[in-house]
Number of protein chains: 2
Amino acid sequence: MAKRLVDSLREAGYRLTAPRLAIIKVLEAETGHLSPAEVLEKGRAFYPALSRATVYRTLDLLTKLGLLRPIYLGEGNLCFIYPREGHHHLICSKCGMVVDFDECIAAPLGQALSERFGFRIESHLLEFYGLCENCQKDEQKQAGGD
Amino acid sequence: MAKRLVDSLREAGYRLTAPRLAIIKVLEAETGHLSPAEVLEKGRAFYPALSRATVYRTLDLLTKLGLLRPIYLGEGNLCFIYPREGHHHLICSKCGMVVDFDECIAAPLGQALSERFGFRIESHLLEFYGLCENCQKDEQKQAGGD
DNA sequence: TTATAATTGAGACAGAATCTCAATATTAAA
DNA sequence: TTTAATATTGAGATTCTGTCTCAATTATAA
């Protein structure tokens, strides 16, 4: 299971290099969301000469292989996640707070779509947008006082 | 229905300006996904002096009001969509092709999450990632010939 | 019509992402 | 184990994205 990224890279015919391994270690150690800048910074703990270009190239490559998922969590933050079982989000569209949750009910729909469009579906993402408890309260205060 | 964005802006106490109207026209005319750069370019057809800063400000504002949804479709493209009923995606992680579809089965789950986390859910996003038909074929060719 | 305050555009700025190319390292085959 | 072919890399230049400031403009309510 910790081998998934490495194995998939090799199976797809790509070389296994020290910079790529460093990036993969970072991705597998992190359970949440990582921006390219974070991957670069943490990756340098494993391979100090790691360059920004390589981080972007590797993130793109893993995404194209379906091993990583780009995701935009608002507030100018592009992140990548290494998808495990049902990793999904509840996002406050006002303050940007993110809550993770696990349940997912999308698998049967995925099956149907797969047949209709000829896609081979590898993963999915489910996100709910709304207002968190705090921002709802703020809203009420504003409505009353202002 | 074409009035939704304009009305919501006014109801929330924001002014209705020519630059904002131009941006809203662009959003409502487009059924797909728009990057800020595209909004700027197309918006200038309606209001030539439109500035980049205003595009970002307005996109942020509409997002904070829950009227727009930021979404990242891979390949470095942050986009915004004006959510209609169940506007969801099937994304090819290799070539980036996007297929839209409508069915959605997330509403009951949203209800449950709403109660558990105290969120007021306003919209949601469901995306499936995988390989489109063409990229699956390419993959087979490569496996065979190379 | 006017006063007020929200909103704007321009351009400076910071940071993110991309590109190029010579140098390096992985891999498969000898 | 050595070698040759070539995928991959880092550095830095470059371009693009998104943010910020501030004086000028404009929508709005009175």
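Bear in mind these aren't lab numbers, they're just calculated from the coordinates by the rules spelled out. Predicted model, so just to flag it, every value in this text is computed and none were measured. All Cβ positions, glycine included, derive from the backbone under ideal geometry; neighbour counts span all protein chains shown.
Put the label 7 Å from Cα along Cα→Cβ for A:Asp7; what are its distances to the other copies, in nanometres, shortest first?
From this label point to the equivalent ones elsewhere in the assembly: 5.5 nm.
Select from segment A:1-49 those trypsin sites (Lys or Arg not before Pro) which occupy a DSSP coil region and have at most 15 other Cβ atoms within 10 Å, ordered by residue number.
On the way: sites: A:Lys3, A:Arg4, A:Arg10, A:Arg15, A:Arg20, A:Lys25, A:Lys42, A:Arg44; in loops: A:Lys3, A:Arg15.
Passing sites in segment A:1-49 are A:Lys3, A:Arg15.
Of A:Lys42/A:Lys137; A:Lys137/B:Lys64; A:Lys137/B:Lys42, which sit over 27 Å apart, Cα to Cα?
Correct reply: A:Lys42/A:Lys137; A:Lys137/B:Lys42.
Report the extension gain between A:Glu11 and A:Tyr56 in nm, rounded to one decimal, defined as 0.36 nm multiplied by the number of residues separating them, less their alpha carbon distance.
Values: separation 45, 0.36 × 45 = 16.20 nm, distance 2.09 nm.
Between A:Glu11 and A:Tyr56, full extension yields an extra 14.1 nm.
Gain in length, A:Glu28 to A:Asp100, computed as 0.36 nm per residue apart minus the alpha-carbon separation, to one decimal in nm? Numbers along the way, then the final one.
Details: separation 72, 0.36 × 72 = 25.92 nm, distance 1.74 nm.
Full-extension gain reported as 24.2 nm.
What gaps in nm, shortest first, separate A:Ala45 from its twins in the other copies when you place the label 7 Å past Cα toward the beta carbon?
Inter-copy label distances (nm, one decimal, shortest first): 5.0.
In nm to one decimal, list the spacings between the B:Ile105 label point and its equivalents in the other copies, with label points set 7 Å along Cα to Cβ, shortest first.
Those separations, rounded to one decimal, come out as 0.9 nm.
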